[in-house]
Every structure is written in structure tokens, then in C-alpha cells.
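The structure appears right after this line, and notes come after that.
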Amino acid sequence: MNRLRVENLTKFYGDWQALDDVSLEVKASEFMVVMGPSGSGKSTLLLALLGVVKPDSGRIQVDNIQYDHIPVGERNFGYMPQDYGLFPHLNVFENIAFGLRTKGVAPQDIDNRVEQVVTKMGLGGLMHRRPHELSGGQRQRVALSRALIIRPSVLLLDEPLSNVDEMTKAEVRRSLKDIVKQFGVTTVCVLHEPSDAAALGDRIAVMYQGRILQTGRLEDLFENPQDPIVTRLLTSH
Amino acid sequence: MRDRFSLVIFGLAGFLIVFMVTSVFYLYIAAGRTWDLVGQTLLDQRVLGALFISVSSSTLVALLAVAAVIPASYVLATRDFRGKGLIETLLVEFPQTFPPAAVGLVYLLMLGPTSPVNLAYSFIAVIIAKFYVSAPFAMSLVMRRFKEIRASGLDTIARTLGADTRQVLLWVMVPMSKTDLLAGFTLTWARAMGEVAATLIFAGAIPWRTEIFPSLVYLTSISSPQLALAASVIAATLSIAALLAFKWVAGAGR
């Protein structure tokens, strides 16, 4: 199932309100894009979901289970940061297997599960390479494999296309969406580019100054914007 | 104008290099006249004792320092609390500026003959005095590296993958800090080899028990300057060898 529900989340950093009464519902296996300009609060929202940032108020639920007091390590949320966050001292196999080793999965099972994921991701033959020996696209797939192999209840992606050049962007977008759909995982993806949001999201939540202005399918947002800022953000570059 | 500026820069750099290197070269040049004595000195029982106490205590201090700074650096790199800046200063900068003689005096008063726990003039006193003066070198390097790892967010990523504190420390932070730990070990060892004032005051200079190489040099510099010179050559050679070995290992590890 894995339906994510966020209710009335608020977060202040001193006088600055990063999250202002944010509510969001993501259906099971849905790819939800949270889109907004820098400083709109989308990264804070992601970190709050992850458990790294503690909200001042509000609730986070997955399948009606309260997650507010569950520590980061016990949430079982997959996370891929903007720079992919691969461990530089570990090879591809060790990076992908990290989340299984922490949970004490048997070595034979680790081998099998890594093998399955690596095959799906097209990373065969790279198992012994260190992150600095990989291309940007390969690094992204390793980071995605590492996040997905733990069978997360929710996948959180922070600007997954920011390190991808324009030439290969369309291909990476397609491959990212295919992989996530293949695993059927509920996903929240933070982006700032409207074209990326349109290509990846089943639905899009438009965020501005700590608030979610509107959530919906791209067509709905264009046809029935509830705020002029929504149209402006969707058409900006 | 630009050339004149370059000349000044190169001149100043040259001055510093000559100033720092001269003393080391002079030691070997001065010893050159009595080179046979260096070999003979190594067979002297008192010198052998000082060499043994110096090397064994410095190695133990460096090992203890590395073991101690890992948890301390982890706490200071990952937690924010009131007074953290003061604690960092007291752990890193202050011991490097606090006069070693005063350190020896403090320990003599605190843990000496007038205290319930008398550790003065023992091998443990050598370790304590050297540790206080030398461990900040390891602390400074390892804490800076742990803070860099923290800033990169890799410990948070490890947490999202289910890692507990032990796994974050042993699987991420320590292996990513290998070079810094090795540098910390080497610098602590080299500093401990050179430490004299705190050790002399708190531990004394009892041959084969608390007398270390620098104490031997200090105590024999008037009565037998040739012996002091030979001992200085041996101490300097050991320190240079240790530092060069570290640079070679660290270079190979990169």
C-alpha cells in the first residue's frame, strides 16, 4: 500500500517560516513532484519526511501509522540526495548493499538481492568500481539502487536531475521514471524545473514561500490555477 | 612591479625555509665531527633506557590518543550544545599553548605525592604528561575530518539506510578518515617524542623508568655535551623518519 499523508506541517528557523501548514497526500505507487523556486521550503519538506528536520507541528503518516516520533533509521524511507551521496570509500556493490548490511541480512541474500537490482539497473560489470570511476548517470543509478534495495515504504528524491547535462536529460528522466515505476514505490521528488516536473510527476504540488499552493495533474494546474503564482511558476524557466 | 612583488614573495619563502631547516642541518654537521660517538652512544645503557622509554611511551600515547579522539570527535562533530566552542578550545587549542612546564606542575599537584593517588615519577606519569601535550594534534585533524563528513551529509545517508551509531562510526566516519587518523597518530607520536618539560616535572628522569630522550639531552647538555649531541641526532633522525614514513604511507593510500 504505502500511502503517504502529511498534515499541517510547520517549521520555523528563527523568524523564518520554512513550512507553513503544509498538507499533502501521495497515493500508493504515485510519483509526486514537489516543485517550487529556491527557498520555497521543498527541501525542508523532504528533510522533515526523512526525519532529519523535526517539524514544529503537524503529522506524517504512512498507511495511517504515525511517523513523527520514528527515528531516521527506522522509517525505512529511501533517499537520494542531490549529489547522490555515494560512500567514496566503498565500491558499487558495497554502496548498494549498505542498507542490507545494517539490517543484518544474510550475506547470501545480500548477494542475490544486489544481483537482482544491478541487473534491473544495467549496472552489471561495475560492481568493483569506486564512485569516482563512474559516470554521472551510473552514479545516479547506484544511488537509486541503494535507496530501492531496502524496499522502502516511500522514496524521497532531492533534485535528481540537477547534475545531469541537457544532452542526456531526456533519457535520464525517462529511465528514472521507468525504474521508479518498475519498483512500484510511492515517491516524493523535489524539483525546480517545470519541464522536469511535467515529465516525471503523476501529480505536481506547487510550493511557494513555505506553502503548497495547489496539487494536481499538470493539465489541471494549467487549466484551473488557484493562484496566479502557480501559472507563473509552471511557465518560468 | 609584478616581478618585484614575486621577488619579495620568493625571498620571504626562502628566508622561512632557511630558518627552519638550518637547525636540523646544523645538528648533523655538529655531530659530524664526532660521528663515531653516535654509534657508541647507542650502546650506552642509559641512552638505551631513554630510547626505550621514549619510543614505548610515545607509541602508547599515540595509540591512546587515536582511540580517545574518535569518540570525542564524533560527539563534537555531530552534536550541538551550549559551551561546545569552549570545550573544543580546551581540547585542541589550549593544550598547544599552555606551557608544558605548567602542565607538569598541575599534574604534580593534582596527582603527585600530596594527592591521594600518587602517580608522580612513574611510567604512567610519563604517559599522562605526554598525552595532554600531544593528543590535541590528533584531535584537531580527526575532528576537522569528521566535521567535513558531517557537512557532506554522508552520516545522515547512512542513518537513512538503517545504520546505528556504531555502524555510522565504524563503517563510514573512521574508514573515510584513515589518512587523518594516520596523520594524527604520527604527529602525536612525533610531538610526544619531543615533549620534555611536563614529563620532567611530573615524572622526573629516573633511568629505565621515566627518563626520556629529551630529558637525557637536557640533563647531560652541560656535563657531557657530546652525549647530548649524539642523543639529539638519534631523536631527530627518529622523528624525521616517522614523518617521512607517514607521508609515504599517506601518499600511497590516496
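The values are calculated or read from the model by the stated rules, or taken from the named source; none is laboratory data. Being a predicted model, the structure only gives us computed values, none of them experimental. Don't worry about glycine lacking a Cβ; one is built from the backbone with ideal geometry, like all the others, and counts go over all protein chains shown.
Only one of A:Gly78, A:Gly137 is surrounded by 15 or more Cβ atoms within 10 Å (Cβ to Cβ), closer than 20 Å to A:Phe183 by Cβ and facing another protein chain (nearest Cβ under 10 Å); which? Before the answer, list the steps.
Numbers: A:Gly137 fails: facing another protein chain (nearest Cβ under 10 Å).
Selected residue: A:Gly78, the only one of A:Gly78, A:Gly137 that is surrounded by 15 or more Cβ atoms within 10 Å (Cβ to Cβ), closer than 20 Å to A:Phe183 by Cβ and facing another protein chain (nearest Cβ under 10 Å).
Can you name every residue in the stretch B:223-238 that is crowded, with 18+ Cβ neighbours inside 10 Å and either in a loop (DSSP other than H, G, I, E, B) or not aliphatic (A, V, I, L, M) (or both)?
If the condition is that a residue be crowded, with 18+ Cβ neighbours inside 10 Å and either in a loop (DSSP other than H, G, I, E, B) or not aliphatic (A, V, I, L, M) (or both), then B:Ser232 is the only one that fits.
Would you point out which residue out of A:Asn64, A:Asn8 is farther than 15 Å from A:Arg211 by Cα and surrounded by fewer than 16 Cβ atoms within 10 Å (Cβ to Cβ)?
A:Asn64
I'd like the full set of residues that are of a type in the set (A, V, I, L, M) and out of contact with any helix residue (DSSP H, G or I) (no Cβ under 7 Å at 6 or more places or on another chain), limited to the stretch B:122-176.
Once the filter is applied, which keeps residues that are of a type in the set (A, V, I, L, M) and out of contact with any helix residue (DSSP H, G or I) (no Cβ under 7 Å at 6 or more places or on another chain), the stretch B:122-176 yields B:Ile124, B:Ala151, B:Ile157, B:Leu170.
Going by the structure shown, is B:Arg166 basic (Lys, Arg) and either buried (at least 20 other Cβ atoms within 10 Å of the Cβ) or outside any helix (DSSP H, G or I) (or both)?
For B:Arg166, the condition - basic (Lys, Arg) and either buried (at least 20 other Cβ atoms within 10 Å of the Cβ) or outside any helix (DSSP H, G or I) (or both) - is not met.
Which residue is farthest from A:Arg174 (Cα to Cα), if the candidates are limited to the stretch A:194-237 and must be among the polar types (S, T, N, Q) and part of a helix (DSSP H, G or I)? Write out each step before concluding.
Applying the first criterion (among the polar types (S, T, N, Q)) to the stretch A:194-237 yields A:195, A:209, A:214-215, A:224, A:226, A:231, A:235-236.
Next, only the ones that are part of a helix (DSSP H, G or I) stay: A:195, A:231, A:235.
On the way: A:Ser195: 13, A:Thr231: 25, A:Thr235: 21 Å.
The selected residue is A:Thr231.
Please enumerate the residues belonging to the stretch B:137-163 that are part of a helix (DSSP H, G or I), farther than 16 Å from A:Tyr84 by Cβ and touching a Phe, Trp or Tyr at 6+ places or on another chain (Cβ under 8 Å).
B:Ala138, B:Phe146
Which condition breaks for B:Ala101 when tested against (1) within 14 Å of chain A (Cβ to nearest Cβ); (2) in a helix (DSSP H, G or I)?
All conditions are met except number (1).
From (1) without any contact (Cβ under 8 Å) to a residue 24 or more places away in the chain; (2) farther than 30 Å from A:Pro37 by Cβ, pick out the condition that doesn't hold for A:Asn95.
Exception for A:Asn95: condition (1).
Results for (1) at the interface with another protein chain (Cβ under 10 Å from one of its Cβ atoms); (2) part of a loop (DSSP other than H, G, I, E, B); (3) surrounded by 18 or more Cβ atoms within 10 Å (Cβ to Cβ), shown as yes or no for each residue.
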| site | (1), (2), (3) |
| --- | --- |
| A:Ile60 | no, no, yes |
| A:His89 | yes, yes, no |
| A:Phe93 | no, no, yes |
| A:Phe98 | yes, no, yes |
| A:Gly104 | yes, yes, no |
| A:Asp111 | no, no, no |
| A:Val118 | no, no, yes |
| A:Gly125 | no, yes, no |
| A:His132 | no, no, no |
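Pairs, please: C-beta under 6 Å, at least 6 apart or cross-chain, first residue touching a residue at least 12 places away in the same chain (Cβ under 8 Å) and in the stretch B:115-143, second acidic (Asp, Glu) and surrounded by 20 or more Cβ atoms within 10 Å (Cβ to Cβ)?
B:Lys130/B:Glu195; B:Val133/B:Glu195; B:Leu141/B:Asp180; B:Val142/B:Asp180
Go through (1) over 22 Å from A:Leu176 (Cβ atoms); (2) at pLDDT 95 or above one by one and return the number of the condition A:Val92 breaks.
Exception for A:Val92: condition (1).
Which count do you get for residues in the stretch B:155-199 that are farther than 16 Å from B:Ser73 by Cα and within 14 Å of another protein chain (Cβ to nearest Cβ)?
Total meeting the criteria: 9.
Within the stretch A:62-75, take every residue that is in a loop (DSSP other than H, G, I, E, B) and more than 9 Å from every other protein chain (Cβ to nearest Cβ) and give me the one that is farthest from A:His132 (Cα to Cα).
A:Asn64
Would it be correct to say that B:Ala102 is among the small types (Gly, Ala, Ser), at pLDDT 95 or above and crowded, with 18+ Cβ neighbours inside 10 Å?
no
Do we have any residue at all in the stretch A:174-193 that's assigned to a helix (DSSP H, G or I), more than 14 Å from the chain's Cα centre (by Cα) and hydrophobic (A, V, I, L, M, F, W, C)?
Within the stretch A:174-193, not a single residue is assigned to a helix (DSSP H, G or I), more than 14 Å from the chain's Cα centre (by Cα) and hydrophobic (A, V, I, L, M, F, W, C).
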